[in-house]
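Below: one structure, written as structure tokens.
The values are calculated or read from the model by the stated rules, or taken from the named source; none is laboratory data. In this text, all values refer to a predicted model and were calculated from it rather than measured experimentally. Every residue, glycine among them, receives a Cβ derived from its backbone with ideal geometry; neighbour counts consider all protein chains shown. For the accessible areas, the whole protein counts, side chains as well, though only heavy atoms, and no ligand, DNA or RNA atoms are used. Shrake-Rupley method; radii C 1.70, N 1.55, O 1.52, S 1.80 Å.
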Amino acid sequence: MRNYIKHLLLIALLALTVPGNSEVFSLWPNAGKNKTGDAETALNPKIVWSEPVTINDVKLELNIGMIDMNAEDLAALLVKLFPNAKFATNSNSMLVTIKQEDGSEKRLLLILLGANSPIIQFSMTVPSKFPVNFTWPACLPLPGDSTPVKYMYFSKRNAYYGEFKTGVTPSIGLEEITGKISHEGWTATVKRTGNQRESTGDIFMKTKPLAVMLVNFDKNGSGFVFTRPLK
């Protein structure tokens with residue numbers, strides 16, 4: 001279970017640091033009027049992992065726990081305790097955003113694994129706004145015209161994730177990054193020819209030290225890069 005939780009870590013962080021909308025999960029009952037308890041502990045999670053994370057130079061803490069409760073009871077309890085919270089949902093997850101007195105936000109991402117399985121809770125307190133001026137990590141390559149949007153640093157695993165905006169096409173952006181990192185010992189795992197050169201992303205490996213890097217672009221001018229050592 002712990003390995004599965006770690007694989008969900010990056011997805012959880014992305015959800016927790018992107019503002020949600022106010023669409024309420026359909027099975028949730030009407031909100032009550034009481035607001036008690038702390039959001040992070042209200043559902044009595046068993047904490048199984050804590051991860052320090054730096055986002056745009058802001059040091060934060062991500063806590064991961066398991067909740068022994070069915071979805072209906074969990075939903076009813078959350079709405080009763082935090083009627084003013086905002087909720088964003090899909091078929092198997094709920095993002096709960098709760099405003100704190102100091103202006104920060106407590107965010108809970110609840111992952112529904114299925115019947116007879118625990119609910120996974122990712123929790124983090126984030127500032128109302130992240131800095132727009134920050135130091136982009138040197139280990140995350142960018143196309144020349146890029147504007148950094150967000151980076152995340154996971155100190156326990158020395159891993160970095162970064163998002164950026166760019167005006168170049170995915171193929172040109174990927175080619176530019178490939179050229180930059182090849183001088184640092186990075187090699188694409190797939191040799192592309194012909195139409196394959198129009199790919200929007202690739203996986204790179206480096207042997208000294210052993211590490212992996214993922215690079216991807218979309219057609220809307222956004223891209224991301226993720227890198228971590230392999231030990």
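Just a few scattered comments:
- One residue stands out among those in segment 199-231 that are outside any strand (DSSP E or B) and closer than 17 Å to S182 by Cα: the one that is most open to solvent (accessible area, probe 1.4 Å), which is K208.
- Among the residues of segment 56-78, those identified as open to solvent by less than 30 Å² (accessible area, probe 1.4 Å), closer than 16 Å to Q121 by Cα and either at pLDDT below 85 or hydrophobic (A, V, I, L, M, F, W, C) (or both) are L62, I64, I67, A71, L74, A75, L78.
- If you go through segment 105-120 and keep only what is in a loop (DSSP other than H, G, I, E, B) and out of contact with any Lys or Arg (no Cβ under 9 Å at 6 or more places or on another chain), you end up with L113, G114, A115, N116, S117.
- Members of segment 121-154 found to be over 15 Å from the mean Cα position of the chain (by Cα), touching a residue at least 40 places away in the same chain (Cβ under 8 Å) and not in a loop (DSSP other than H, G, I, E, B), listed by number: none
- A115 meets all of the listed conditions (1) of a type in the set (A, V, I, L, M, F, W, C); (2) free of Cβ contacts under 8 Å to residues at least 12 places away in the same chain; (3) touching a Pro at 6+ places or on another chain (Cβ under 6 Å) but one, namely (3).
- For segment 33-51, taking the residues that are among the hydrophobic types (A, V, I, L, M, F, W, C) and part of a loop (DSSP other than H, G, I, E, B), the one that is modelled with the lowest pLDDT is identified as A39.
- Number of positions in segment 58-98 that are under 25 Å from F154 (Cα atoms) and touching a residue at least 12 places away in the same chain (Cβ under 8 Å): 15
Results for (1) surrounded by 12 or more Cβ atoms within 10 Å (Cβ to Cβ); (2) at pLDDT below 90; (3) in contact with a Lys or Arg (Cβ under 8 Å, 6 or more places away or on another chain), shown as yes or no for each residue.
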{"site": "A138", "(1), (2), (3)": "no, no, no"}
{"site": "L142", "(1), (2), (3)": "yes, no, no"}
{"site": "M152", "(1), (2), (3)": "yes, no, no"}
{"site": "S155", "(1), (2), (3)": "no, no, no"}
{"site": "F164", "(1), (2), (3)": "yes, no, no"}
{"site": "V190", "(1), (2), (3)": "no, yes, no"}
{"site": "T193", "(1), (2), (3)": "no, yes, no"}
{"site": "R197", "(1), (2), (3)": "no, yes, no"}
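- Residue that is surrounded by the fewest Cβ atoms within 10 Å (Cβ to Cβ), among those in segment 118-134 that are more than 27 Å from P45 (Cβ to Cβ) and among the hydrophobic types (A, V, I, L, M, F, W, C): V132
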